[in-house]
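The values are calculated or read from the model by the stated rules, or taken from the named source; none is laboratory data. Note that this is a predicted model, so its numbers are computed, not measured. Neighbour counts are summed over all protein chains in view; Cβ atoms, including those assigned to glycine, are modelled from backbone coordinates with ideal geometry. Side chains are part of the model used for accessible areas, which takes the heavy atoms of the whole protein and leaves out ligands, DNA and RNA. Shrake-Rupley method; radii C 1.70, N 1.55, O 1.52, S 1.80 Å.
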Amino acid sequence: VMKKIIIICLFFGLNSCSQDKDISLSPVAITLNFTHSWGEDDISSSDFNELKFTNENEQTLNIERLRYVISEITLIHESGVTTILDDYNLVDLTNDIGLSFTTSESILPGDYVSVSFRFGFSNNLNIDGAYPNLNTALFNVPGLLGGGYHFMQLDGMCIDNNNQETAYNYHVINAFDGSNPNDTVDTSFSVNIGGLTIGSNTNINMKMDVSEWFKNPNMWDLNEFDTNLMGNYDVQLLMNQNGSSVFDLVSITQ
């Protein structure tokens, strides 16, 4: 009798563990939320079109449009398995679109030693016509400038040296040399979020500090670099360098 009781307990114990394992390994989606700031001050679309920001070069400016692409969410599991999600998202602060993005592909929950996303598109994904919604949004780059897509459009007005309002277009694309098209440089970059545990309702909350585009490590003079920057190979490399400090992890919620 005792042997039968032990066998029954073992059966139900193993069955229970098996069911728990199946539940815990059900694939889940993750959500990335994007907020924005100018230094310590949070900003939203309600702050647009006002000459209320001062960059590190002590120039007054506003923001009239801000939108950018993220892609290639990459996760490295503690087991060493790497997963790259076939997802991308246009964050459009101007129209409050894409500020919260839930992946269409699911992953297994668990502990991940590294999670990252890409600002822009890597060369193998930056292909003309590949993203119809970005074409509709006029986010594509003309063939004469290398084709593919913008990584960011940051537009507004600033006060120039003559105390006049003048436009600026801080547009990030691949660094393209028209005299040597083979010298195109991929200026997209990976943003490392770090290690985290992914559960059934994981939210990764990121913040872009827009002021960083104008100061770190390259001080930005809007009198010199204001418009027609897409075709300026050297300036695109400077933008890429300044992008290294614009994103910060705010929190992870479950």
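For this structure, a couple of remarks:
A quick yes/no check of all residues on (1) outside any strand (DSSP E or B); (2) farther than 20 Å from Gly148 by Cβ; (3) of a type in the set (A, V, I, L, M):
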position: Glu50; (1), (2), (3): yes, yes, no
position: Val69; (1), (2), (3): no, no, yes
position: Glu72; (1), (2), (3): no, no, no
position: Ala130; (1), (2), (3): yes, no, yes
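- Candidate set: the range 99-123, residues that are closer than 23 Å to Asn242 by Cα and part of a loop (DSSP other than H, G, I, E, B); chosen: the one most open to solvent (accessible area, probe 1.4 Å): Asn123
- Per this entry, Arg67 is not counted among residues that are basic (Lys, Arg), in contact with a Ser or Thr (Cβ under 9 Å, 6 or more places away or on another chain), open to solvent by 40 Å² or more (accessible area, probe 1.4 Å) and under 24 Å from His171 (Cβ atoms).
- Test result for Leu237, hydrophobic (A, V, I, L, M, F, W, C), out of contact with any Pro (no Cβ under 8 Å at 6 or more places or on another chain), open to solvent by 20 Å² or more (accessible area, probe 1.4 Å) and touching a residue at least 60 places away in the same chain (Cβ under 8 Å): yes
- Filter result (farther than 30 Å from Pro181 by Cβ, out of contact with any Lys or Arg (no Cβ under 9 Å at 6 or more places or on another chain) and not hydrophobic (A, V, I, L, M, F, W, C)) within the range 90-125: Asp96, Ser100, Thr102, Thr103, Ser104, Glu105, Ser106, Pro109, Gly110, Asp111, Tyr112, Ser114
- Options Asn161, Asn182: the member that is over 30 Å from Leu249 (Cβ atoms), open to solvent by 70 Å² or more (accessible area, probe 1.4 Å), in contact (Cβ under 8 Å) with a residue 60 or more places away in the chain and out of contact with any strand residue (DSSP E or B) (no Cβ under 6 Å at 6 or more places or on another chain): Asn161
- Pick from the range 80-98, criterion open to solvent by 70 Å² or more (accessible area, probe 1.4 Å) and out of contact with any Asp or Glu (no Cβ under 9 Å at 6 or more places or on another chain), ranking: nearest to Asn192 (Cα to Cα): Thr82
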